[in-house]
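Participant: Below is the structure I would like to discuss, written out as structure tokens.
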4 protein chains.
Amino acid sequence: MAKVTLLINCKDKSGIIATVTNFFHERNGNIVYIDQYVDTENGIFFMRLENEFSSEFDIVKVRADFEKEIAKTYNMNWKLFSEERVLKMAVFVSKYDHCLYDILGRYKAGELGVEIPFILSNHKDLEPIAKAFEIPFYHVPVTKDTKVEAEVKQLELLQEFEVDFIVLARYMQIISDKMISEYPNNIINIHHSFLPAFAGAKPYHSAYKRGVKIIGATCHYVTAELDAGPIIEQDITRISHSHSIKDLILKGRDLEKIVFSRGIKLHIQRKTMVFNNKTIIFT
Amino acid sequence: MAKVTLLINCKDKSGIIATVTNFFHERNGNIVYIDQYVDTENGIFFMRLENEFSSEFDIVKVRADFEKEIAKTYNMNWKLFSEERVLKMAVFVSKYDHCLYDILGRYKAGELGVEIPFILSNHKDLEPIAKAFEIPFYHVPVTKDTKVEAEVKQLELLQEFEVDFIVLARYMQIISDKMISEYPNNIINIHHSFLPAFAGAKPYHSAYKRGVKIIGATCHYVTAELDAGPIIEQDITRISHSHSIKDLILKGRDLEKIVFSRGIKLHIQRKTMVFNNKTIIFT
Amino acid sequence: MAKVTLLINCKDKSGIIATVTNFFHERNGNIVYIDQYVDTENGIFFMRLENEFSSEFDIVKVRADFEKEIAKTYNMNWKLFSEERVLKMAVFVSKYDHCLYDILGRYKAGELGVEIPFILSNHKDLEPIAKAFEIPFYHVPVTKDTKVEAEVKQLELLQEFEVDFIVLARYMQIISDKMISEYPNNIINIHHSFLPAFAGAKPYHSAYKRGVKIIGATCHYVTAELDAGPIIEQDITRISHSHSIKDLILKGRDLEKIVFSRGIKLHIQRKTMVFNNKTIIFT
Amino acid sequence: MAKVTLLINCKDKSGIIATVTNFFHERNGNIVYIDQYVDTENGIFFMRLENEFSSEFDIVKVRADFEKEIAKTYNMNWKLFSEERVLKMAVFVSKYDHCLYDILGRYKAGELGVEIPFILSNHKDLEPIAKAFEIPFYHVPVTKDTKVEAEVKQLELLQEFEVDFIVLARYMQIISDKMISEYPNNIINIHHSFLPAFAGAKPYHSAYKRGVKIIGATCHYVTAELDAGPIIEQDITRISHSHSIKDLILKGRDLEKIVFSRGIKLHIQRKTMVFNNKTIIFT
């Protein structure tokens, strides 16, 4: 049995749902999941559909038919994924290890359903963790002077391993516009505050100074503007006056791990679409 | 513009979504919302659909057509609601006032979108609140000896005012099987524990005794078995060893109010379906 | 039995706890609660103590003794409250009714333990609610031209009724510096965002635009800088892309009510101290 | 600078706080933390105190003095810990790896402040993880016939490595009364439900069947009665009708990890006391 997932967005019109569901019904597909959303402000229609096909199924032909019969008419942005294809996820780290341990623990426990072709870092500190988990580790130092050549090296690795998307597990380096344009909505960052509060460096220090009673973490797609990309997932935890900055950092770690992994999973399951710098998160 | 909401459940088969969406599309309906769920364990399909019709729309004819063309074929349980029809909600209370204040505050603030034809109680304590909010109040005492006649009186009132559903705002009385069968899945209770823990009387006392670190509240449909009906909504709040039973009761009040009102709203918006003593809650 | 609550802050030194606890022990007081905190960054000690006295107890003499024997030596800021004294809380509102309904519901249910001498508004819209709850209502219109005289009127009322503190239940007007200086750390506001995100007007609109996945509410003391005062309490609720601004406003109402009432209760129970524009919240 | 932590419980009497704080003050100790609680129902006083000593500090002498001067008089249960002493924590596992990965990740990241002398399991499945993290692994199979000798082996290992406490990271085996009596309130379990709901085997299956809207996890001390020991920490996560049992198991994993690690940390920091099968959790 083949399973495919369809993601669509287009200008909202009457009849899209009927047309699309008919298309798959006629091909003996069984719709096992449908979630749709209309952005009434901008008049945009979004849909995610899962289809099961019990008989022989030719995804190439279906894609061609869909483009010709439907997508063209409605001027759709769309993607049809086969579930068999396993995504390749590169992990970028710096010196912090907690998010890396969390991702690799989930990876080894079979929770993510991706391949991790390599871990890349601008420091050597976390190489032993990569070794313990038997994943290739590349050390690509980044300094003011080597920035450009570092990026070239990074892009070579990403291409060589046919990476689909990148997760920044507390990577702590600005991603260049070139890299972002090569991987649009495919670079996922975890920021340790409830954005838009405390964007930029040292959010726990700022949170401490302001005296907030909750701290947060935000998983978002990376865009050219720092910490301003489409938010995939957020969560918070309660703190009190008695927590020092060190306590916040420690408490925040669990939050970062949870929020990051939730965001990553939504991306892997193709449950995210981006429009107008915001995400649609399908159920 | 007319808006209608369709609720369906039936044996799961391929093609239902396409068939139903076509039905409305052919009648110039615009599907503005669709949510569906398949209970794979039991092979049951559930769907909720919202349709907008810009032209003249004859709900009686559409109902007849839907029954003939679709519902019969698929052997569906289904309902088609017009949004114009405002539900009538009776409020049963006893002596606790916090849930009543909360409901009436929301009611007056225009948050619920229902009519409250009357408040009924087995005690007179809360009559002044009904008066302050200008809602008829009926005092129907319930004692061992008057149980039957009390119920007769209650049913008379419910019929006279054409009540659609009943909310038990800490009513503290067992609802008879007869009443339940007259209002199947239309009597909503708030229980002050995270069921199935601490069913029955004095859940806060039991929670205190067990030394739990969270207390909960559960909004559910009333069935013959006490506190065992389909759960609509639950939530919890953290407590500590330092909270006395009195503290739990006080903390629980906010929880009861929030969970109760969420459950009531889901019912009013027809976002609930019941199957196998569980609820499907549409988004 | 008399119960008193002591609040202290002073420069941190060794021996304060022993000295203070001895002081009450010698006077046959029984310490039933103690919570302390040291701001190690600034070297400030904070403590809250509850004492029970079974015998005759002269609070005036105890205050004088405490000042002479302890407070002077340690150069303390301190207050000793008798539990018998009920605080007087003025409620300022504008046109939104949900926070007012919530406060008054709690008030009538005996949950707050304060007196509400009056409700004041710059509009007449909510007068009927004040009437229903039998609380005096004063309409003090505020326009550009009448600002000064409105404030004079407000201060007169506050003085006449010996108001201890003011709660701004969505009052929507800037509080003047004069008013703030008359009631330092005694004016409590509810802001409908998780500050410091979305300070200022229309936070739900900004939250919608940014595409956040959580919205919040913040209860804080009012200071000269808008929405920048010491935070007493915050909480959040999850939202999704599918929520319109209207949905956010509706969801936010429950949050505002809960967070506001928690903050107000902490203040009433004298569990808050302010230092360096942050609050210490005792347990 | 030496730091010691004092834990006390005894019959509640007036003057304990003053007496104890004096004791340390006289020895030039600086109390940097105090938290106390009175169980008014049973008349029991509990306290946790942290003291810093800048000069030479003889913990043996202080213990003797404390016993003689105070503990005897008040008939106290008490312990005085030196912060320097690092606890030894044995980890028991079965086949589930997620809690083990989580604990070891935290351990390696320096978050726990314990030693892990060994990991013990009744299966060999997780041995590679122990190896990757360079921690000794002991395989002690448990069958009906080998139960007694397995326990002997376990106790030998625990003694040999001078283990202070044991964490059952989804160990899935009943702990014998003998083992429990050797490590009273020192065996920590994670149960995958919000106890007391769904005690025993397969709680996610039961939760699914009951149709709850929240699932939970509970970290508790192991006692003779299954899943009925003193609760250290609990938390929950929201679920919906659309979650299968498999989904619950997956969602529950994060919950188990978080709740378990929180409970373990509280134990390590000596912030827990047990009385009447309930925990006092100090702040």
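Any read-out appearing in this document is the output of simple, stated calculations on the displayed coordinates, not a laboratory observation. Only a predicted model underlies this, so the values are computations on that prediction, with no experimental measurement involved. We place every Cβ from the backbone using ideal geometry, glycine too, and count neighbours over all the protein chains shown.
Participant: Considering only DSSP beta bridges whose two residues both sit in the protein assembly as shown, what percent are antiparallel, to the nearest 5? If you can, show how the numbers build up before the last one.
Facilitator: Numbers: 166 of 226 bridges.
Of all bridge pairs located within the protein assembly as shown, approximately 75 percent are antiparallel.
Participant: Follow-up question, since we're still on this one. Tabulate in residue order the Karplus-calculated ³J(HN,Hα) for the range A:59-76, using 6.51 cos²θ - 1.76 cosθ + 1.60 with θ = phi - 60°, rounded to whole Hz; enter x for Gly and Pro.
Facilitator: Working through the residues one at a time gives 5, 5, 5, 4, 4, 5, 4, 4, 4, 5, 7, 10, 4, 4, 4, 8, 6, 8 Hz.
Participant: Testing the spin-label approximation: label points 7 Å from Cα along Cα→Cβ at C:THR237 and B:GLU162. State their distance in nm.
Facilitator: Label at C:THR237, label at B:GLU162, 3.2 nm between them.
Participant: Averaging sequence separations of C-alpha pairs under 8 Å and six or more residues apart, then dividing by the length of the range B:1-100, give the relative contact order as a whole percent. Intermediate results must be reported in sequence, preceding the final value.
Facilitator: Working: 133 pairs, mean separation 39.2, N = 100.
Rounded, it is 39 percent for the range B:1-100.
Participant: Okay, moving on. Closest approach to the C-A rotation axis by any Cβ of C: residue and distance in angstrom?
Facilitator: That would be C:ALA197, 2, residue then distance in Å.
Participant: Straight-line reach from B:LYS153: which lysines have Cα under 25 Å away, leaving out those fewer than 8 places along the same chain?
Facilitator: B:LYS88, B:LYS95, B:LYS124, B:LYS131, B:LYS144, B:LYS178
Participant: For B:ASN276, place a label point 7 Å from Cα along the Cα-to-Cβ direction in every copy; what are the distances to the other copies, in nm, shortest first?
Facilitator: Ordered by increasing distance: 4.0, 4.2, 5.7 nm.
Participant: Residue by residue through the range D:215-220, which ³J(HN,Hα) values in whole Hz follow from phi under the Karplus form 6.51 cos²θ - 1.76 cosθ + 1.60 (θ = phi - 60°), with glycine and proline marked x?
Facilitator: 10, x, 9, 9, 9, 9
Participant: Please compute the contact order of the range B:154-283 in relative form: average sequence separation of alpha-carbon pairs under 8 Å and at least six residues apart, divided by the residue count, as a percent.
Facilitator: Working: 204 pairs, mean separation 27.6, N = 130.
Averaging sequence separation for qualifying contacts and normalising by length gives 21 percent for the range B:154-283.
Participant: Still on this structure, I have one more. Which distances, shortest first and in nm, link A:ARG238 to the matching position in the other copies, using label points set 7 Å out along Cα to C-beta?
Facilitator: For A:ARG238, the inter-copy label distances come out at 0.5, 1.8, 1.8 nm.
Participant: Under the definition of partner shielding as Cβ atoms of other protein chains within 10 Å of a residue Cβ, what is the mean value for peptide A:230-243? Before the final figure, lay out the partial values.
Facilitator: Working: counts 2, 6, 2, 3, 6, 4, 7, 1, 5, 1, 7, 13, 11, 0.
The shielding value for this peptide is 5.
Participant: Can you give the FRET efficiency to the nearest 0.05 for C:VAL60 and C:LYS11, using r as the Cβ-Cβ distance and R₀ = 22 Å?
Facilitator: Details: r = 27 Å, r/R0 = 1.23.
For C:VAL60 and C:LYS11, the calculated efficiency is 0.25.
Participant: Across the range C:253-261, in residue order, what do the Karplus-derived ³J(HN,Hα) couplings come to in whole Hz, using 6.51 cos²θ - 1.76 cosθ + 1.60 with θ = phi - 60° and x for Gly and Pro?
Facilitator: Whole-Hz 3J(HN,Hα) from phi for the range C:253-261: 4, 4, 4, 4, 4, 5, 5, 4, 5.
Participant: What order do you get for A:90-102, C:42-54 when each peptide is scored by the mean count of other beta carbon atoms within 10 Å, highest first? Before the final figure, lay out each step's value.
Facilitator: On the way: A:90-102: 22.5, C:42-54: 18.5.
Top to bottom by mean Cβ count within 10 Å: A:90-102, C:42-54.
Participant: A further question on this structure: Give me the inter-chain shielding for C:72-83: mean count of other chain Cβ atoms within 10 Å, whole number please.
Facilitator: Mean partner shielding for this stretch: 0.
Participant: Another one. Report, for chain A, the % of DSSP beta bridges that are antiparallel, rounded to 5. Spell out each step's value before the answer.
Facilitator: Details: 41 of 56 bridges.
So the antiparallel bridges in chain A amount to around 75 percent.
Participant: Quick one: which residues, 5+ away or cross-chain, put their amide H under 5 Å from the amide H of C:SER193? H built at 1.01 Å from N.
Facilitator: Under 5 Å from the amide H of C:SER193: C:THR218.
Participant: For D:151-164, what's the mean count of beta carbons from other chains sitting within 10 Å of each residue's beta carbon? Spell out each step's value before the answer.
Facilitator: Working: counts 0, 0, 0, 0, 0, 0, 0, 0, 0, 0, 0, 0, 0, 0.
Per residue, the average neighbour count from other chains is 0.
Participant: Still on this structure, please answer the following. On a 0 to 90 degree scale, rounded to 10, what angle separates helix D:16-26 from the longest Cα axis of chain D?
Facilitator: Helix D:16-26 sits roughly 70 degrees off the main axis of chain D.
Participant: Same structure again: Would you mind checking which residues have amide H under 5 Å from C:PHE275's amide H? H placed 1.01 Å from N; only 5 or more apart, or other chain.
Facilitator: C:ILE280
Participant: Normalising by the residue count of chain D, find the relative contact order in percent from Cα pairs under 8 Å and 6+ residues apart.
Facilitator: Working: 489 pairs, mean separation 40.7, N = 283.
Relative CO of chain D lands at 14 percent.
Participant: Can you check what the Kirkwood hydrodynamic radius comes to for the range C:213-253, Cα pairs only, in Å to one decimal?
Facilitator: Values: mean 1/r = 0.0868 Å⁻¹.
Result for the range C:213-253, one decimal place: 11.5 Å.
Participant: What are the radius of gyration and Dmax of the range B:89-281, computed over its Cα atoms and given in Å?
Facilitator: Cα radius of gyration and Dmax of the range B:89-281 are 16.2, 50 Å respectively.
Participant: Under 29 Å between alpha carbons, and skipping anything fewer than 8 positions from C:LYS72 in its own chain: which lysines qualify?
Facilitator: Cross-link targets: C:LYS3, C:LYS11, C:LYS13, C:LYS61, C:LYS271, C:LYS278.
Participant: Under the rule of at least 5 residues apart or a separate chain, name every residue whose amide H is placed under 5 Å from the amide H of B:GLU233.
Facilitator: Long-range HN contacts for B:GLU233: B:CYS219.
Participant: Sticking with this one: What are the label-to-label distances in nm, one decimal and shortest first, from C:ASP125 to the same spot in the other copies, with labels 7 Å along Cα to Cβ?
Facilitator: Label point to label point, same position, other copies: 3.4, 5.3, 6.0 nm.
Participant: Quick one: length gained pulling C:GLU134 to C:MET1 fully straight, 0.36 nm per residue minus the C-alpha distance? Walk me through the intermediate numbers first.
Facilitator: Values: separation 133, 0.36 × 133 = 47.88 nm, distance 3.29 nm.
Gain on stretching C:GLU134 to C:MET1: 44.6 nm.
Participant: Return the whole-Å distance between the Cα centroid of the range A:195-209 and the Cα centroid of the range B:98-132.
Facilitator: 44 Å
Participant: How many percent of all Cα-Cα pairs in the protein assembly as shown sit more than 46 Å apart?
Facilitator: Details: 249389 of 640146 pairs.
The calculated P(r) of the protein assembly as shown puts 39 percent of pairs beyond 46 Å.
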